[in-house]
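A.B. asks: Supplied in structure tokens, the structure appears directly below.
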Amino acid sequence: MNANTFRTLEFETVRALLLSHAGSAAGRDRVRTLSPLTAPHEVREALEKTSEGVSLLRTLGRQPYHDLPDLTDLLPTARVDGVHLEPLALLDVASFIEGGCEIAQRVARAEVAPGLAREASVVPDMTDLAQLVRRAILPTGEVADDASPKLQETRRALTRLRAQLQSVMEGFLRGKDADRLLQDKLVTTRNDRYVLLLKAEHRGQIPGIIHGGSGSGASLFVEPMPAVELNNDIVSLQEEERAEVVRILRDLTSRVGARSRDLARTMDVLGELDAVQARALAARDMNAVCPVIAEKGRLDLDLRDARHPLLIPALVERLGLPRRTSREPVPVSISVGFGKPVLVISGPNTGGKTVALKTVGLLALMAQCGLHVPAAEGSVLPVFKRVFADIGDEQSIAANLSTFSAHLAGIVEMTRDLQTPALVLLDEVGAGTDPAEGGALGTAVVDHFRAKGAMVVATTHHGLLKAYAQSQPDVACASFGYDPATYEPTYKLALGVAGRSLALEMAERLGLDHSVVADARTRLDQKDAQAEALLKQLETEQASLRRDQAQLAHEQAELHEERTRQRDVEQAMTVRRRKEIEAFRKELDRRAELLARQAADAIAAAVRKVEEQAARPMKTAAGKARGEAVTAIRQAREEARAPEGLGGDEAPAESASSDMPITVGVRARVSSLGVVGEVIALTGDEVELAVGGKRLRVPRAELVAVAAAAARKSHVEGPARGMRPAVPAEINLVGLTVDEALPRVDKLLDDAALSDRKELRVIHGFGAGRLRKAVAQFLDGHPHVASFRVGAEGRGGVTVVELKE
């Protein structure tokens with residue numbers, strides 16, 4: 001990176017922006033020495049540090065580095081033995097320690113910037129030294145009386161002596177001859193001694209020592225004899241005071257010198273943090289982003305909506321620069337590389353070609369200095385070892401160089417200093433000489449840098465170079481657009497398109513006489529005219545193609561939006577349907593619970609009726625009661641299945657057939673209970689079914705044969721999913737009468753027979769034993785009970801029931 005590149009690309013203006021944000025001397029020194037890095041990992045680290053600085057700025061706000069004094073010249077002095085710093089210099093040390101440690105501690109606690117926090121955490125705590133200085137030196141710069149016991153004692157003695165001396169001197173001022181002898185009634189000092197102003201003509205009237213006269217000779221400075229001893233004592237104590245002050249300052253200075261390494265390291269860390277904050281503030285001014293650094297070996301550049309910093313109003317205003325244009329900057333997107341390392345830009349004059357070149361070069365330098373760039377997210381930049389820029393008019397009368405010669409001299413220097421990866425920016429390459437020769441030379445120069453492996457961005461008006469860009473497979477072309485009606489530039493770059501120079505059209509737009517322009521058209525070479533006409537036709541076709549592509553993209557976006565909308569509607573319908581099904585299930589559960597309670601009440605009523613009929617045996621009555629209960633359950637379940645606009649999707653998918661005979665081996669559904677089982681025995685009007693590993697006897701009229709597939713599904717899904725609650729493993733009868741307890745035991749046995757329960761526990765307690773005996777009599781011979789026993793865990797208070805398979 002040479003000085004000419006920095007000057008041509010106006011990098012020093014960006015540096016000035018950073019300097020305006022740097023607060024400390026150490027931070028400004030870092031900004032002044034800022035230069036591009038050439039190792040990709042170093043560039044990424046510098047950019048990451050700036051990103052952390054932006055996060056820190058957003059979280060903590062701007063840190064007051066400008067309040068930190070500069071200790072650069074103080075620390076070497078503090079290291080010298082026998083030398084002391086002045087009080088104000090020591091106060092600067094204290095201020096630096098206090099402000100610097102506070103900033104460092106604040107940054108070290110910031111979770112949003114772990115890298116900067118690590119740097120700040122190395123700053124040592126030196127507040128003890130700052131406190132020592134503050135105790136010894138007053139804010140005015142004077143050494144405090146209590147800086148040491150000796151100084152305090154000396155100053156007290158001085159105060160007493162000065163009071164005595166003042167009393168003696170005032171005695172002379174109040175004397176009866178004071179008006180006659182004294183020039184003025186005041187006490188002054190001469191040679192650090194208190195004296196009176198005696199009129200010269202009364203010399204000798206006041207005995208004492210004369211310390212000279214006034215400039216006019218009218219007054220003499222007389223030290224009265226009574227004040228001589230007091231003045232001597234005061235002068236002696238003043239010498240002691242000065243010596244003690246110097247001793248205190250030397251002691252403080254030696255302490256500063258002992259911590260000079262820590263102070264220097266703190267200056268270094270805070271200077272770096274200050275420089276990072278300056279970079280973050282510049283990024284905020286430019287609304288800049290962190291670019292993506294291309295992998296090593298990849299020469300790919302992709303700037304999206306890039307803006308030249310000197311066209312950003314906020315930056316120009318901050319630097320106090322005149323605005324180059326009243327327009328807001330038009331962002332430009334430039335892509336170079338990706339298999340085509342050369343880009344040739346054409347288009348009308350004042351169309352934005354030169355600004356585009358400078359934008360590419362300046363943003364590349366900024367990124368390699370660790371600065372964010374004013375572009376859109378996702379912008380990619382490679383890391384270059386060399387950046388060359390031949391832009392603008394470099395003619396020099398003193399050096400006897402024409403415009404063409406100056407450009408050529410710059411290109412020669414580039415070829416000598418070329419190191420890849422390199423970025424070469426050529427503005428109007430081959431201009432300033434014969435168009436035919438200039439075009440050929442410009443094409444050869446671009447091709448030379450391409451062959452050497454450099455990335456090249458060149459602007460041109462030469463048709464030969466435009467043709468070269470379109471014919472070479474690894475060279476891309478682009479052009480800046482214009483309004484076809486007014487030929488006014490749009491400053492928008494179109495990639496893949498070679499543009500016309502529009503010299504005649506621009507001349508006409510700028511007011512050149514129409515006849516002159518018409519005459520110029522007639523003088524065009526026929527080949528040039530054909531080439532211009534062909535380019536114009538190509539531009540028209542490409543503009544039409546871009547419009548078609550834009551329309552297609554718009555329609556595709558609308559189609560995608562419509563598909564997304566339809567998908568959202570379908571998802572909403574699915575969610576709503578699921579909610580309706582869930583509500584239906586909850587309603588079925590509620591009805592099932594209600595019906596279960598109604599069935600239990602019916603069984604209890606039937607049992608009570610049986611007990612009232614004393615002539616009939618207990619077991620026969622229980623069988624009849626069970627039949628009545630089954631009938632009640634069947635009626636209740638039929639009511640539950642009454643259509644109320646619910647259950648359409650949740651009903652079991654069965655294929656029932658009343659024509660199929662009920663025989664052994666056939667699968668049948670019990671219409672009253674909704675369960676499906678296999679017929680294993682026929683006894684008169686009763687049928688024995690195998691359901692879930694259990695045996696169930698039901699009236700034959702309750703069965704309907706079902707098809708095999710539907711039966712399997714019903715068997716898997718079970719009866720009315722979600723309607724039957726889980727069967728408990730025990731029942732507590734404590735506190736109930738026999739009439740209340742036995743129906744509940746009977747219902748639990750029926751429910752358990754339809755489930756997978758193998759064992760039940762009946763808790764009846766001890767008491768008089770009447771309830772236990774009644775339960776035992778009821779269980780003896782019950783169709784669902786295989787055996788029962790008194791549970792050991794309750795010592796007679798629990799009966800354990802084992803159910804039949």
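The values are calculated or read from the model by the stated rules, or taken from the named source; none is laboratory data. It should be emphasised that the depicted structure is a prediction, and the values quoted were computed from it without experimental measurement. Here Cβ is always computed from backbone atoms with ideal geometry, including for glycine, and neighbour counts include all displayed protein chains. Remember, those area values only see protein heavy atoms, side chains included, never the ligands or the DNA or RNA. Shrake-Rupley method; radii C 1.70, N 1.55, O 1.52, S 1.80 Å.
A.B. asks: Among ARG160, ARG155, which is the only one that is assigned to a helix (DSSP H, G or I), open to solvent by less than 70 Å² (accessible area, probe 1.4 Å) and closer than 30 Å to ALA136 by Cβ?
C.D. replies: The unique qualifying residue is ARG155.
A.B. asks: Which numbered condition in (1) open to solvent by less than 50 Å² (accessible area, probe 1.4 Å); (2) charged (D, E, K, R); (3) more than 28 Å from the chain's Cα centre (by Cα) is the only one that ASP67 fails?
C.D. replies: It fails just one condition, (1).
A.B. asks: Among THR33, THR13, which is out of contact with any strand residue (DSSP E or B) (no Cβ under 8 Å at 6 or more places or on another chain), open to solvent by 60 Å² or more (accessible area, probe 1.4 Å) and among the polar types (S, T, N, Q)?
C.D. replies: Details: THR13 fails: open to solvent by 60 Å² or more (accessible area, probe 1.4 Å).
On inspection, the qualifying residue turns out to be THR33.
A.B. asks: Within segment 89-100, work out how many residues are under 30 Å from the mean Cα position of the chain (by Cα) and open to solvent by less than 10 Å² (accessible area, probe 1.4 Å). Reasoning before the result, please.
C.D. replies: Step one: filter segment 89-100 for residues under 30 Å from the mean Cα position of the chain (by Cα), giving 99-100.
Those left that are additionally open to solvent by less than 10 Å² (accessible area, probe 1.4 Å): 100.
Total satisfying the criteria: 1.
A.B. asks: Among the residues of segment 116-128 satisfying the criterion of being open to solvent by less than 20 Å² (accessible area, probe 1.4 Å) and in a helix (DSSP H, G or I), which is nearest to GLY257 (Cα to Cα)? I'd like the intermediate steps shown before the answer.
C.D. replies: Here is the first cut: in segment 116-128, the ones open to solvent by less than 20 Å² (accessible area, probe 1.4 Å) are 116-117, 120, 126.
From what is left, the residues that are in a helix (DSSP H, G or I) are 116-117, 120.
Working: LEU116: 28, ALA117: 27, ALA120: 22 Å.
The residue in question is ALA120.
A.B. asks: Counting only residues that are under 22 Å from ASN231 (Cα atoms), free of Cβ contacts under 8 Å to residues at least 24 places away in the same chain and open to solvent by less than 60 Å² (accessible area, probe 1.4 Å), give me the strands (runs of 3 or more DSSP E) lying completely in segment 170-220 with at least 3 of them. Walk me through how you get there before you give the answer.
C.D. replies: Details: elements: 182-190, 193-199, 208-213.
Result: 208-213.
A.B. asks: Condition first: basic (Lys, Arg), farther than 22 Å from ALA94 by Cα and in a helix (DSSP H, G or I). Can you find one or more residues in segment 129-152 that meet it?
C.D. replies: Of segment 129-152, the ones basic (Lys, Arg) are 134-135, 150.
From what's left, farther than 22 Å from ALA94 by Cα: 150.
Then drop every residue that is not in a helix (DSSP H, G or I), which leaves 150.
Yes: segment 129-152 contains one or more residues that are basic (Lys, Arg), farther than 22 Å from ALA94 by Cα and in a helix (DSSP H, G or I).
A.B. asks: So in segment 295-307, with the set limited to residues that are modelled with pLDDT of 90 or more and in a loop (DSSP other than H, G, I, E, B), which one is least open to solvent (accessible area, probe 1.4 Å)?
C.D. replies: To start, the set of residues in segment 295-307 that are modelled with pLDDT of 90 or more comprises 300-307.
Right, trim to in a loop (DSSP other than H, G, I, E, B) and you get 300, 307.
Details: ASP300: 14, ARG307: 46 Å².
Among residues in segment 295-307 that are modelled with pLDDT of 90 or more and in a loop (DSSP other than H, G, I, E, B), the one least open to solvent (accessible area, probe 1.4 Å) is ASP300.
A.B. asks: Just to verify a result, which residue in segment 101-111, among those that are surrounded by 15 or more Cβ atoms within 10 Å (Cβ to Cβ) and more than 15 Å from TYR65 (Cα to Cα), is farthest from the chain's Cα centre (by Cα)?
C.D. replies: ALA108
A.B. asks: Filter segment 1-10 for residues that are buried (at least 22 other Cβ atoms within 10 Å of the Cβ) and either within 32 Å of the chain's Cα centre (by Cα) or not β-branched (Val, Ile, Thr) (or both) and give the result.
C.D. replies: LEU9
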